[in-house]
């Protein structure tokens, strides 16, 4: 079920018009508004019309009766009647559009909350089916009967935005195929080897010397275990932790219009333990070599670029690891970077994307975002004010 908290909407019955006696009733000069009886066409390139009525605020509509109202040309060619008698005025049409747009804006920002938090963790084919089910549900209940009730227009705008956003998501992934998970990045530079203490060899019998003159082959499994999969980190781990806790800032996620992917500080520690080896600072987070692929909303791309770029810049004052290695971590650990064909593309776009994310971090008044901003300000090349 969807839209359980949406006023003037019942998850089974659909739009509720119980309060219709207090508000005008609209109809076309051709007769009463009828519901759209056709099934949603998933094969059309973009089955929505752009409407722009209120000072440049565009929105997209597929509900045919609302299109008749919003596209009405005015007096002389007026095709919409109010209360079966008088033609609708342009000012009243704009009032209705504002009510609709308020719901549209809310529906757009709450898309991932409505489709469900489990959506991002689904397999690709499951996501496609979940989106088709969601789109069909929105289309079925998106019907303007003619009652100009404020909460009804708000609910219709909310449903319409959910439908448009759902179709956008479906269009972006419908031609994709499931691919194997990219193996973790290895051979991260520099590799620091600590010399082992010299141990005197125990005397062995002559018969064994000839047999052991050649080294024993090392299995591929042993080689994999000995390879590092995370970047050495010498910058204070506590500050890097504060930086990445920006992912826990609820208000920041709302500003970026994404559902919150991480819920606790322990989740952040576990993630950082897979990305960075903070040798000697294990009390901040435990180092882990177990790979994990984070399924997140595409809208996280800019923020992840910022967090990784800032980590790269701060760590570079202690240890020079190529920036491309940090970009490889983004590609192999976070789903928002699936759209990039190469790690080099991530590196080329990293600076531009992190600048956009800084603005969102500055706007958030959340405690986690404020702490993260204090760490970001320590990057000399960012030139950020207190």
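The values are calculated or read from the model by the stated rules, or taken from the named source; none is laboratory data. All of these numbers come straight from a predicted model, not from anything done at the bench. In this analysis, Cβ positions are derived from the backbone assuming ideal geometry, glycine residues included, and neighbour counts consider all displayed protein chains.
Checked against the criteria, residue 95 does not count as in the same structural domain as residue 162 (by TED's automatic domain parsing) and at pLDDT below 90.
Annotation note: of 247, 304, the sole residue that is surrounded by 23 or more Cβ atoms within 10 Å (Cβ to Cβ) and in contact with a strand residue (DSSP E or B) (Cβ under 9 Å, 6 or more places away or on another chain) is 304. Going by the conditions given, is residue 28 more than 30 Å from the chain's Cα centre (by Cα) and in contact (Cβ under 8 Å) with a residue 24 or more places away in the chain? In short, yes.
Would you mind finding the one in 68, 89, 16, 94 that is in contact with a strand residue (DSSP E or B) (Cβ under 9 Å, 6 or more places away or on another chain), without any contact (Cβ under 8 Å) to a residue 24 or more places away in the chain and under 19 Å from residue 146 (Cβ atoms)?
Details: 68 fails: without any contact (Cβ under 8 Å) to a residue 24 or more places away in the chain; 16 fails: without any contact (Cβ under 8 Å) to a residue 24 or more places away in the chain; 94 fails: without any contact (Cβ under 8 Å) to a residue 24 or more places away in the chain.
So the residue among 68, 89, 16, 94 that is in contact with a strand residue (DSSP E or B) (Cβ under 9 Å, 6 or more places away or on another chain), without any contact (Cβ under 8 Å) to a residue 24 or more places away in the chain and under 19 Å from residue 146 (Cβ atoms) is 89.
Return the only residue of 121, 62 being at pLDDT 90 or above and either over 24 Å from residue 177 (Cα atoms) or not assigned by TED's automatic domain parsing to the domain that holds residue 260 (or both).
Values: 121 fails: at pLDDT 90 or above.
Checking each option against the conditions leaves just 62.
Checking each residue of segment 230-239 against the condition of being modelled with pLDDT of 90 or more and within 21 Å of residue 119 (Cβ to Cβ) gives no match.
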